[in-house]
1. So what is the 222 nm mean residue ellipticity for the chain from helices alone, if each DSSP H run of at least 4 adds -39500 (n - 2.57) and you divide by all residues, rounding to the nearest 500 deg cm²/dmol?
2. At 1.4 Å probe size, with no ligands or nucleic acids counted, give the accessible surface of Met93 in Å², nearest ten.
3. With the crude spin-label approximation of a point 7 Å out along Cα→Cβ, what separation in nm comes out for Arg225 versus Ile38?
4. When 1/r is averaged over all different Cα pairs and the result inverted, which Kirkwood radius in Å belongs to region 48-135?
5. Can you sort Ile385, Ile61 by 1.4 Å-probe accessible area, starting with the largest?
6. Round to a whole number: what % of the accessible area of the chain belongs to carbon and sulfur, probe 1.4 Å?
7. I want to check the label-to-label distance for Leu255 and Ile199. Put each point 7 Å from Cα in the C-beta direction and report it in nm to one decimal.
8. So how exposed is Leu153, as accessible area in Å² (1.4 Å probe, rounded to 10)?
Amino acid sequence: MLTVTQALDQIVREVGSFAPERVALDEALGLVTAENVISQEDSPPFDKALMDGYAVVASDIAAGLRELIVVDEVTAGRTPSRDVASGQATRIMTGAPTPVGVDAVVPVERTELVDEDPNRVRILLDSIEREKNIIRRGTNKRVGEQIVSTGRLLRAQELAALAEMGFAMVSVRRQPCVAVLATGDELVSVDQTPGPGQIRNSNETMLCAQLRNAGGVPVPLGIARDNREDLRRHIDEGLNADILLLSGGVSAGKLDLVPSELELAGVEQVFHKVRVKPGKPVWFGVSRRGSNSCLVFGLPGNPVSSMVCFELFVRTAIRRLTGQFPAIPRTLTARLTHSHSHTDDRETYFPAAVEWTADGPMVRLMKWHGSSDLQSTVDANSMVIFPPEPKEYAVNDRVEVVLWNS
Ligand code: AMP
Ligand code: MG
């Protein structure tokens, strides 16, 4: 049986990236860049005032000169009409270009007009540092420097940086369209009251939410019953998507028909079963029908298994499709708040809550009743990885943690 690392390697090997496409910045939030974007301009584009006040020659102030002749006034959006020489100043507003000759701006609060004459200003400081309250052209970014690299998830700040530099369009990889199919005779929809032996289809809600969070576009297909005809019909529909997620029907029960039906539908199995807890029965394959290729994940029906397999395997596939790096889950090291006895020989992903304390990240294991226990995940924000050998863990022992939704 594959280890988690081997299964992730296989996903990375099987899954390529979507072709780049250009979209308007307004459409690009949450998408991933497909190019290194290089600045064609300096930021800021001119030397500019950072305060409302008077642009002066700093050495004048240091030399004891206190009264200066006001030779010009510049507001934001205008340009200076005169250079400034020793003994002179320009009244200037935040964001306005500074005139040639000045090397500091004295805030207006530290000045007063001499005899209320707008042409003469008194400086109420003994000295001012050179370059104070001025930002020079190109300080933030110069022509030829990189604004964002390829493979970056576009958030508000990247979009703003691109907008500042005049990139109205950006090259990105689109979000995958992901069909979600729950399977099981026992399932009823969330708005129904389950009859004897029935439960609600919580996996659809969960997987669609995880998908949105991971940058996928969910397409719920409803519930397929545990018979070949119904499964076949739904699988056939789902294979039109970029990814098909099925939940349930992948283990060894009498009605676990998903792997064989996928194979009958022409989906090539890449792996079935991983040495992981929870989530051992997970199935992964690829369908190639004409020009359309679809990644297919058979996730175990138990909700926590489905959730964990999504975070490990499906998220990795989405990162690959969209060109994010690294594609595989990132971990951080935290220290346990409690002792723990780990007895399983499978790599175990244990629901947990990381907190950032003055002593670094600490992680608390949830009370966990196994793979059907969704409540254990409600207060959790992560999962602790316990390696596949039995071990007694003490308080403060270091463990690796995967943050959910990251
Ligand atoms: P299976 O993988 O089909 O054997 O299902 C394993 C367990 O998960 C069973 O207890 C199922 O009732 C439960 N289960 C399956 N599908 C779902 C679903 N969509 N939502 C909630 N629980 C489910
Ligand atoms: Mg089932």
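The values are calculated or read from the model by the stated rules, or taken from the named source; none is laboratory data. Bear in mind that the values here come from a model prediction, so they are computed numbers and not experimental data. With ideal geometry, Cβ positions are generated from the backbone for all residues, glycine too; neighbour counts draw on all protein chains shown. In case anyone asks, the SASA skips ligands and DNA or RNA and just uses the protein heavy atoms, side chains included. Shrake-Rupley method; radii C 1.70, N 1.55, O 1.52, S 1.80 Å.
1. Theoretical 222 nm ellipticity from helices: -5000 deg cm²/dmol.
2. 60 Å²
3. Label-label distance for Arg225 and Ile38, simple model: 6.2 nm.
4. Evaluated on region 48-135, it is 12.2 Å.
5. The most accessible residue leads, giving Ile385, Ile61.
6. 48 percent
7. If labels sit at Leu255 and Ile199, their model points lie 1.3 nm apart.
8. Per-residue accessible area (Leu153): approximately 80 Å².
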